[in-house]
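All remarks here apply to the structure that follows.
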Amino acid sequence: MNDQAYRLREMMRQRRERAQVIAVTSGKGGVGKTGLSVNLAIALAEQDQRVALLDADLGLANVEVLMGVTSFYNLEHVIEGEKTLPEIMIKGPGGVHVIPGSSGLARVADLHQEGRERVLAGLKLLGNEVDFVIIDTMAGIGRNATAFAVAADEVLLVATPEPSSIVDAYAMLKTLVGQRGNVRVRLVVNQAANQQQAQAVAAKLGRVALNYLGRSLPCAGWIPRDPHVSQAVMQSRPLLTTYPDAPASRKIRDLAAAFTALAREESPASTGGFFRRIAQSFGLAGNG
């Protein structure tokens, strides 16, 4: 990184009080949500951003599988006071810091006071140490799926051209807006055959959002249907590091570049709200 790029990065960090938190969510499984989370994190790291990836999916450790890494500790150990959040982080491809969530996140809403404070303290510390936090949430509209998405600075809602995915994406959007009216949500159309198909999906969801929710649904970008994606999954390796020149890799890098550019333009007041909102959901607003 040259001197000019370094100075620009440091200026951007000084402008932001805390990390930009991006939640990647979907109305249903099987739309490529975790793959986007993993590869977006790596793409941001390639642009000299400090990135942490929180696996908030309570099912299998899909983030670890796609990254080809294994953890010995997770958020459960933080809750119980056995480890701190920095101590459970593992280094993934591209230098991304991976935070294994495991089943510990399922108990967040019902934690004892000490457990809540430990989680919050770890998240606040993390937010001061990185530029971006990517959260891979659960799919669906259940409480555990939406808790972190609602608190995030921005939500990427992933949908495919399949009709069921479009319907479920709208259901997720409706749920998020119902829980927090000013939530920032942008659509990512995944597995599109071409740009025209992606635009059609975005237009359809945009019209429904405007007609029934009274708000727009901007499209952050689209990712093509690409056989390299499944090939990388079979190898338990990230797409960007395994097939860096694949069509899907290039689109994900474009998305990361847009986030980096947006972060340079935002004022300090526009970031860092995630930690306050999480504190409120934990019943610790006074400590946030």
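Derivation of every value follows stated rules applied to the coordinates shown; laboratory data play no part. Note that this is a predicted model, so its numbers are computed, not measured. Counting neighbours? That spans all protein chains shown, and the Cβs are built from the backbone with ideal geometry, glycine included.
When the Cα convex hull of the range 18-280 is projected onto planes of every orientation, the mean area is 12.6 nm². Using a cut-off of 23 Å between Cα atoms, the listed pairs K28/K204; K124/K174; K174/K251; K204/K251; K124/K251; K28/K124 include K124/K174; K174/K251; K124/K251; K28/K124 as exceeding that distance. Charged neighbours of I90, selected by a Cβ distance under 11 Å, balance to -2 (K, R count +1; D, E count -1).
Ordered by the number of other Cβ atoms lying within 10 Å of each residue's own Cβ, fewest first, K174, K91 fall into the sequence K91, K174.
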